[in-house]
Structure formats: structure tokens, C-alpha cells
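Below is one structure; the comments refer to it alone.
The values are calculated or read from the model by the stated rules, or taken from the named source; none is laboratory data. The structure displayed is predicted, hence computed values, not measured ones. Backbone-built Cβ (ideal geometry, glycine too); neighbour counts: all protein chains shown. What goes into the accessible areas is simple: the full protein's heavy atoms, side chains included, and nothing from ligands, DNA or RNA. Shrake-Rupley method; radii C 1.70, N 1.55, O 1.52, S 1.80 Å.
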Amino acid sequence: MLHRIKKEQDENAGKWIGVGGKFEEGESPEDCLLREVREETGLTLTRYRYRGIVTFVSDRWPTEYMHLFTADGFTGQLKDCDEGELCWLPWEQLFALPHWEGDEIFLRLLEQDIPFFSLKLRYEGEVLRQAVLNGTEMKVRS
């Protein structure tokens, strides 16, 4: 799994997150995926799958929606990323690195090959207070 540790001073600084970014005008989720992966990694995806949507609710930032994809086909050469350090990581190693608590929920769903899902994560500061999967509340550690 390709992940990056964020260098910049934003809400993700110091945490390992997936490759991605914000939509540009007129883009579909697939358009955004292909552009962001190419810009950040130098790779062109040739085979990918739309897996789910995550709604992030925070008391600090506006609500955001993340479209989740997995990919197992690409061309090109991995390049340095100006937004953070890129690294291929096995699933089991990923969970030992600094990451958002809610990320572990959707990463486990991806790992288990759960069908398309909708996940809502509500944070107070950096603490996960609520997780709702397909309309059903889940137990959170906090």
C-alpha cells in the first residue's frame, strides 16, 4: 500500500495518510483520483476500484468527503512527492505508524474487501468521537 507521511503544517502533519487531494472544478471522483496520483507519485493508474465514501465531521474544520479507491495496476516510475514522503507499506506495518484513529476503520474495511460503504467519522480535535458505518453506529475507543 502506498502511503505518505505529511510534512506540511496542516491537520495531517506527522500522520501517514493515503495519496489524494481536493477536487478541481469539473472533476469527477475518478478524474481527481487519476490527477492526484499522477501529480503526487508520477504513476498513471491503469486499474482501480471505487470502494467507498467517508464523511469527516470536525469541530475544527468544515465537513469533508473523501472518495476511497484502491488500485492494483499502474505504469510509470515513482517520483519524490513535495507533499510528504512516499513509501510502499504492507498492511500490518501501516497500523503501527502514526495515523488518524478513523483511518484504521476504513483501512480495515478495505483490507477485508467489504463492498462499497459509507462511513461517517466525527472528531473533536484529534479525538474520534463517533463512527457510523452504512447508517449504523460503531463502537469507538475514545
Sort through K120, K79 and tell me the only one that's among the charged types (D, E, K, R) and over 22 Å from L45 (Cα atoms).
K120
Scanning the range 116-126 for residues that are modelled with pLDDT of 95 or more and more than 15 Å from T63 (Cβ to Cβ), the one surrounded by the fewest Cβ atoms within 10 Å (Cβ to Cβ) turns out to be F116
Is at least one residue of the range 109-124 of a type outside the set (K, R) and more than 18 Å from G52 (Cα to Cα)?
yes
For a quick check of your reading of the model, give me the residue pairs whose first member lies in the range 88-114 and is within 21 Å of Q130 (Cβ to Cβ), whose second is among the hydrophobic types (A, V, I, L, M, F, W, C), with beta-carbon atoms closer than 6 Å and at least 6 apart or on different chains.
H99/W16; E101/L128; G102/L121; G102/L128; I105/A131; F106/V54; F106/L119; L109/F117
Check L89, L97, L78 and return the single one that is open to solvent by less than 30 Å² (accessible area, probe 1.4 Å) and modelled with pLDDT under 95.
L89
Any residue in the range 63-86 that is among the polar types (S, T, N, Q) and touching a Lys or Arg at 6+ places or on another chain (Cβ under 9 Å)?
yes
Within the range 55-75, how many residues turn out to be open to solvent by less than 50 Å² (accessible area, probe 1.4 Å), under 21 Å from D31 (Cβ atoms) and among the aliphatic types (A, V, I, L, M)?
1
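Where residues in the range 68-122 are assigned to a helix (DSSP H, G or I), touching a strand residue (DSSP E or B) at 6+ places or on another chain (Cβ under 9 Å) and among the charged types (D, E, K, R), which of them is farthest from R38 (Cα to Cα)?
Taking the candidates together, the pick is E101.
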Could you check, for the range 33-48, whether at least one of its residues is within 30 Å of R129 (Cβ to Cβ) and either touching a residue at least 60 places away in the same chain (Cβ under 8 Å) or loosely packed, with under 14 Cβ neighbours inside 10 Å (or both)?
no
Considering residues that are part of a strand (DSSP E or B) and out of contact with any Leu (no Cβ under 7 Å at 6 or more places or on another chain), the number found within the range 36-46 is 2
Filter the range 47-67 down to residues that are hydroxyl-bearing (S, T, Y) and not in a loop (DSSP other than H, G, I, E, B) and give me whichever is farthest from L33 (Cα to Cα).
S58
